[in-house]
Amino acid sequence: MKKNFISGGILVVFAVILIVLGSRIKPEIKETGGFEEEVELPFKLGVVLPADETEGYTKEHMDAIITAAKTAGITEEEIVWKERTEEGDAKGAAEDLVEEDCTMVIAVCSCHAAEMAEFAEENPQVRTVAVTDTKLFSENENFYTAQLDTKEACYIAGVIAGMKLKEMHENGKIPKGNYQADGRVKIGYVAKYDEERSGTEYQEFLRGIRSEFSRVIMEIRFTGVRTDLDAEASAADTLVRSGCVMIGTNTESDRVLSVVGRARENGSRVYAVGYHGSLPEDTSAEYTGIVKDWMQYYSELFAAVAAEQEIPAVWEKGYADGAVTVLQDKKGMTEETKERIEKAAAIWEQIQK
């Protein structure tokens, strides 16, 4: 489907664009010297949000959308936000946005994706974008999905974490009490959802660690929801107290990092592997971490809209594309680390063939 940007122009051109694109943009009428003149309304973007700007994940998407839209010539006045939309309410929120003349609707949370597919089917005149963490298939030409593939980044982060664990083990930096009875080192992971939805990420993380240091056992704590700050903190605290020396996560808040940070301040030799939607300001609790760059998608999306080009029905990019990156040790990477990461990336490519 063509993406349109409607700006000032003569009525004939305006009518042609409406016919071709099926736009729902409504003309505004104003009086000029006794005559009525049609004034074309600007492009309007509607965004369905799971929370508001006080929540990290939501703010990251809001900031990326505003910045990318501005670059493409879309002003903040042309963006309508639907904040604090709970699961099950996304379709209704999107319909409200249509009533406000939005011609494109984006839902930034995967918890809303299935509802948006249904909304797209019932509203073929609206370009509908769903951010998702699972595969969604739709025959509707107005429905688009965007997904950041974190599997390779989780593996690479695991490799880096495994190198650290191996170094700590060989240098006697892991307290004896942190070893299990069978001699293995215990690590932990805090996951949002159950095995089906979080499994790939923590499995690749563990596989990366074991490629460098095989003597590990991993305990996983599931919160069961997209965001539950208390549950995330409780899970991380339990893992620290149980003797984990490395804790990974795929949660969207900073609660796991905060718990690990406090433990380190109290003398615990535990490290965190973070999971971010943008570069974190403070990584003092982390040895490494995964960073998802949604700016890349929104920049491509709005550039296509501005140029009236096709939008990919399915957009999925990851580590190899630079859309997902991995934090390195703040002290800088040694040549050995760089070589190992390059080797790990090559191994990953071979595994995928």
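Things worth noting here:
- DSSP bridge pairs, segment 126-269: antiparallel proportion in percent, nearest 5: 5
- Tail fraction, Cα-Cα pairs, segment 106-261, threshold 20 Å, whole percent: 56
- For segment 102-165, the Cα-based Rg and Dmax, in that order, read 16.3, 54 Å.
- Violating pairs (Cα-Cα greater than 27 angstrom) within the set 176/343; 59/186; 59/192; 192/292: 176/343; 59/186
- Straight-line cross-link reach from residue 338 at under 12 Å between alpha-carbon atoms covers these aspartates and glutamates, not counting any fewer than eight positions away in the same chain: 329.
- Loop-located GluC sites (Glu not before Pro) in segment 124-183 (DSSP state other than H, G, I, E, B) with a sparse environment of at most 15 neighbouring Cβ atoms within 10 Å: 139, 141.
- Here, the chain is characterised by an Rg to Rh ratio of 1.07, where Rg is the alpha-carbon radius of gyration and Rh the Kirkwood radius.
- Using alpha-carbon coordinates, inclination of helix 90-99 to the longest axis of the chain, degrees: 30
- Angle of helix 151-170 to the longest C-alpha principal axis of the chain, folded into 0 to 90 degrees and rounded to 10: 20°.
- Per-residue Cβ neighbour counts within 10 Å put 229, 327, 49 in the sequence 229, 327, 49, beginning with the fewest.
- Distance between segment 76-108 and segment 275-353 - C-alpha centres, whole angstrom: 28
- Estimated [θ] at 222 nm from DSSP helical runs (n ≥ 4, -39500 (n - 2.57)) normalised by residues in the chain, nearest 500: -12500 deg cm²/dmol
- Orientation-averaged projected area, Cα convex hull of segment 59-99 (nm²): 3.3
- Segment 244-297 - Rg over Rh from alpha carbon coordinates, Kirkwood radius: 1.01
- Take every DSSP beta bridge whose two residues both sit in the chain; close to 20 percent of them are antiparallel.
Read the figures in this text as sums done on the coordinates, not as results from a lab. Note that the structure is a prediction, hence the values are computed from the model and not measured. Virtual Cβ from ideal backbone geometry, glycine too; neighbours counted across all protein chains shown.
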